[in-house]
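First comes the structure, then the notes that go with it.
Just so you know, all these numbers are worked out from the coordinates, no wet-lab data involved. Predicted model only: the values in this text are computed from it and were never measured. Positions of Cβ are generated from backbone atoms using ideal geometry, with glycine treated the same way; all protein chains shown enter the neighbour counts.
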Amino acid sequence: MLLTRSLDPGCGETAASAAAAMRGEAGSAPVWHRPVLLEEVLGLMVLRPGARLIDCTIGDAGHSVAFLTRAGPSARVWGLDRDAEGLARAHRRLKARNLDARCRLVHGGFGNLRDLAAAWNVSVCDNILLDLGFSSPQIDDPDRGFAFAKTGPLDMRMDRSQKLTAADIVNGWPEGQFRELLWTLGEEPHARRIAAAVAERRPFGTTGDLAAAVAAAVPHRPRRRLHPATRTFQALRIAVNDELGQLEAVLPQAVSLLAPGGRLLVLSFHSLEDGIVKRFLRTHGRRPARNKYARHGDVDMPTLSVLTKRAVRPGHRELSDNPRCRSARLRAAEKVVREDAGAEAADQRRPAGNERTGTR
Ligand SMILES: C[S@@+](CC[C@H](N)C(=O)[O-])C[C@H]1O[C@@H](n2cnc3c(N)ncnc32)[C@H](O)[C@@H]1O
């Protein structure tokens, strides 16, 4: 069971497969991240004139550029990313296409979406996109420490202003805590051996050294598809960036920001993320909210209609063009227009308080 679950493969790629994944892009620098499941994402979005998108993971703005282009000149994007370098790239790409005036960017983690949206003065939106994981520029830069194909410092921070790095965990955490991390966030069956080997050989300075130690610690399997350190790197990256905590925090905030009929779209790249999204949609998407006492945006009530019965996966063509998308899963839901929405709107137009008694 454990071994059949999907992994985020990016960190385990060889330089050759990374190069193949990027082939076909603009040709000359800069080489942009290729937006995953782009047509499927657009097909699930509200694309009418004036449509608004909060792109919680703008990265290289691939999805946002396509949204702005497809939805027409009155469409708007609010984009955020916790990687300041990523944001600068997004701005450059939007500007090159004369789309920058229709997009506002901010540096921040989507776990604080409600506060960021309030700072933008955005209280309601038609589309919210979460394209989880890391971007190609992040993984291709050895200095960021996400990959072991090209060695670099043990960093892995998406937000470089954050204090905790992968080195702090690898070199500082007690062996038992590190083993637990490998087990829970990497679903690593050899967690015990790896944690013992790391504890014995630390301190580690580079991704290459850590990957070699992990490879030496696990049983040799000649036909192994992934590098033996893939799960260790996944676990470290999730922990350094609190990826699951951020995802759990953003989903209810995203629902409360959606307009009725608005769409929430989540692209995930490993089964831990996808499990959170699936459970959230199942909990909030059983049936339309009928409870007249439920306020609009009250996520304790079922408020979603799930649009993807099963997760949408990349087709053969996209997989051969961009092998990095191979574990992508797209799930989407629409915020339900409640049957009593008209009554509620009238309610909201009435002065606050009880007119008969004059009390609140
Ligand atoms: C897969 S890339 C997005 C690519 C983008 N959709 C495109 O088409 O170019 C994911 C981005 O999300 C950012 N990110 C990851 N977790 C985040 C979080 N909690 N808050 C904000 N941004 C995050 C990463 O820094 C990265 O730039």
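Note on the range 102-183: Rg/Rh from C-alpha atoms, Kirkwood Rh, equals 1.07. Note: relative contact order over the range 163-240, using C-alpha pairs below 8 Å and six or more positions apart, is 41 percent. Mean sequence separation of contacting Cα pairs (under 8 Å, at least six apart), scaled by the length of the range 57-144, corresponds to a relative contact order of 32 percent. Here the scattering of the range 73-132 is modelled by Debye summation over its C-alpha atoms, one equal scatterer each and no solvent; at q = 0.21, 0.25 Å⁻¹ the log10 of I(q)/I(0) is -0.90, -1.21.
Amide H contacts for residue 147 (H built 1.01 Å from N in the peptide plane; partners 5 or more residues away or on another chain; cut-off under 5 Å): none found.
Once you keep just the Cα pairs under 8 angstrom separated by 6 or more residues, what percentage relative contact order results for the range 108-177?
Details: 42 pairs, mean separation 9.6, N = 70.
It rounds to 14 percent for the range 108-177.
Order these peptides, 81-93, 305-317, by their mean beta-carbon neighbour count within 10 angstrom, highest first.
Packing order, densest peptide first, comes out as 81-93, 305-317.
The range 163-178 and the range 68-85 have Cα centres lying 36 Å from one another. Normalising the Debye intensity of the range 163-240 to I(0), with uniform scatterers on Cα atoms only, and taking log10 at q = 0.11, 0.12, 0.13, 0.26 Å⁻¹ returns -0.23, -0.27, -0.32, -1.40.
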